[in-house]
Amino acid sequence: MSTHPLRSTAEQLRDEITKTIELLGTLRDEARVELHLARMDAQTQWRHITARAHRASLASQEAVRQSLREFEEFRASFKADPPKS
C-alpha cells in the first residue's frame, strides 16, 4: 500500500512542528534555570552590598560621635583656660 504524497508531507510537517515545540520547551526550561541562577547571584550580591552599607553607616556614625567628642573637648579647653588678650 502506497501512501499519498500529501499525507507524507502533512506527517513531516507535524513531526517538524512537534520537534519545534519540544525545542521551545527545552529553551524555556534552560532560560528558567538561568534566571534562577541569576536571581540567586543577585541575592548574594545584595546581601554583600547591604552588609557593606551597614558597616559604612556604623563607621560614619562612630566618626560623627568621635568628632563631637573632640569638638566638645576643644570647646571645654577654651572654657577652662580662656585665651589671654
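The values are calculated or read from the model by the stated rules, or taken from the named source; none is laboratory data. Just so we're clear, the structure is a prediction, and the values are computed from it rather than from any experiment. For neighbour counting, all protein chains shown are included, and Cβ atoms are generated from backbone atoms with ideal geometry for every residue, glycine included.
Being surrounded by 10 or more Cβ atoms within 10 Å (Cβ to Cβ) and either modelled with pLDDT of 95 or more or not aliphatic (A, V, I, L, M) (or both): is that true of LEU27 here? Before you say what the answer is, go through the steps one by one.
Working: surrounded by 10 or more Cβ atoms within 10 Å (Cβ to Cβ): yes; either modelled with pLDDT of 95 or more or not aliphatic (A, V, I, L, M) (or both): yes.
Spelling it out, LEU27 is indeed surrounded by 10 or more Cβ atoms within 10 Å (Cβ to Cβ) and either modelled with pLDDT of 95 or more or not aliphatic (A, V, I, L, M) (or both).
Number of residues in segment 1-20 that are loosely packed, with under 10 Cβ neighbours inside 10 Å and at pLDDT 95 or above equals 0.
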